[in-house]
Each structure stands twice: as structure tokens, then as C-alpha cells.
Amino acid sequence: MAKIPVKLVSWEEVVEWTRLLAKKIKESGYKPDIVIAVARGGYVPARLLCDFLGVDNLVSIQSQHWTEAAKMAEKAIIKFQYKIDLTGYKAVLVDDIVDTGESVRLAKEFIEKEWHPTELRTAAMQWISSVAKIKPDYYAIEVKEWIWFQYPWTRLEDITQFIRRIIKEELTGKTNKITIQELTQKFKEWYGIEPPPKYYEEALQNLQQENLIQIQDNTIIIKT
Ligand code: ADE
């Protein structure tokens, strides 16, 4: 069993899930005039929803709760608190996933208070029902057991963070050397997936830049 279960999401799945989300919104009879993306995760699903729903208006709000892959920040915050007037607009607020629900809850509260849309509903591709404090009005997939969805728009960021975490939590102070093959094996044990080759290499380069490791041929030297 993986320590942190990860599902590697493809672009095709994103299109499929967003299409399903659009279908559910249409079938409910709700006709939004504007889509609001929760930055950053909601950007791609929001743009696709605009296409599938035939909506021209797209804005965003940055509500942040998760600072690193699979690591939650203490508190969600709204960054860049600009004000716009959405009086007369029916809006749909879109994020990639509702996990704890804190980012969407906070964004919704801010928008209702400061932007005054006529109506505001929430949508996400995934809803982790076992942990979320809120249920989005629309979701494509209900997830019962917590898992990290590795979406295509955070591939490099996540893979880098996944390796950083193995190094910091398992290797630092215990060993000063590991081969790339051994690290690949650890990656599989931790996350239950093969590291995607192109991203793996670039992630290792990033960590070398950070001075966390040094790569010599096939060996990774862990810096102390
Ligand atoms: N952001 C917050 N929770 C997440 C999860 N479980 N998977 C991917 N991205 C997330």
C-alpha cells in the first residue's frame, strides 16, 4: 500500500470530467452567465466549462489552502482581494477538486459578500465526500477514499514535491547516497505510481538547483 495514494490524471480525463460536469449543470436547468475559476486549480476546468456551456464571461479568484502537493496549509486565504460588480449575473464557481472544501467555501463567502452575484453555485470535477465540509452543487466524480489527484497542470510541481518529501522525511540524516533506481523504487512505495520519466528528470534538476541534492552520474548525493 502506498503511503500517499496518487492517481495520475490525463488531459483526456479532465475533458471527460468537465464535459460531465457541464452536462449535470445543463440538466439541472441552471444557466450561468459567468464562470468564476478558483485559482489556480480551477483554471483549466473553468475554461472547458465555458466552452461546453457556451459561456463568454470568465473571471477568477485566488483562494489558497494547499501550498504543496499533499500538504495542507493552516488556513485558506483569498489573495488579491479585488472587487467587481456581479449584480445581475448568475455565476458558477469552479475548482478542480473539493477536498476539505475550505478553498471553495472561503471563495464563495468572499464573492457573495464583495461581488454580489444574483446567484452563485459551486462545481468541481472531484468531491472527496469523506473529508469535505461542503458538498458542491455540481460534481463529476464522488471520491470516497482520500487520494491525491495528480492533475496535468501541476505535474512538475507535484513530482518535485513528492521527491523532496521522500528526501526530507526518509533519507536526510540516514543516508548520504542513493541511486536513481533506488529512488524510483522509493517513489513507487510512497505514491503507488511510476514517476513520469520526463518530469522525474526535471524534478531532480530542480532539487539540485535548490541544493538539496547533487547528481553524479547515476547517484544522488543528499546534502546535509
Ligand atoms: N488539492 C487539494 N486536495 C487535492 C487532492 N486530493 N488532489 C489534488 N489536488 C488537491
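All of the numbers you see were taken from the coordinates with simple rules; none came from a lab. Source: prediction; values computed, not measured. Here Cβ is always computed from backbone atoms with ideal geometry, including for glycine, and neighbour counts include all displayed protein chains.
Table for the structure above
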{"quantity": "Per-residue Cβ neighbour rank within 10 angstrom, fewest leading, VAL94, VAL131, VAL35", "calculated": "VAL131, VAL35, VAL94"}
{"quantity": "Relative contact order of the stretch 6-150, defined on C-alpha pairs under 8 angstrom at six or more residues apart (%)", "calculated": "26"}
{"quantity": "222 nm mean residue ellipticity, helices alone, for the chain (DSSP H n ≥ 4; -39,500 (n - 2.57); rounded to 500)", "calculated": "-11000 deg cm²/dmol"}
{"quantity": "Beta bridges per DSSP with both ends in the stretch 6-150, % antiparallel, nearest 5", "calculated": "15"}
{"quantity": "Loop sites in the stretch 102-199: trypsin sites (Lys or Arg not before Pro), DSSP, at most 16 other Cβ within 10 Å", "calculated": "LYS133, LYS144, LYS174"}
{"quantity": "Flagged links, alpha-carbon separation over 25 Å, of LYS79/LYS113; LYS133/LYS198; LYS7/LYS135; LYS75/LYS133; LYS24/LYS83; LYS24/LYS75", "calculated": "LYS133/LYS198; LYS24/LYS83; LYS24/LYS75"}
{"quantity": "Equivalent ellipsoid semi-axes - Cα gyration tensor, the chain, angstrom", "calculated": "38, 17, 15"}
{"quantity": "Between the stretch 119-134 and the stretch 1-60, the alpha-carbon center distance in angstrom", "calculated": "12"}
{"quantity": "Ranked TRP66, TRP148, criterion: other C-beta atoms within 10 Å, fewest first", "calculated": "TRP66, TRP148"}
{"quantity": "Partner lysines for LYS174 [C-alpha distance under 18 Å; skip if fewer than 8 residues away on the same chain]", "calculated": "LYS186, LYS223"}
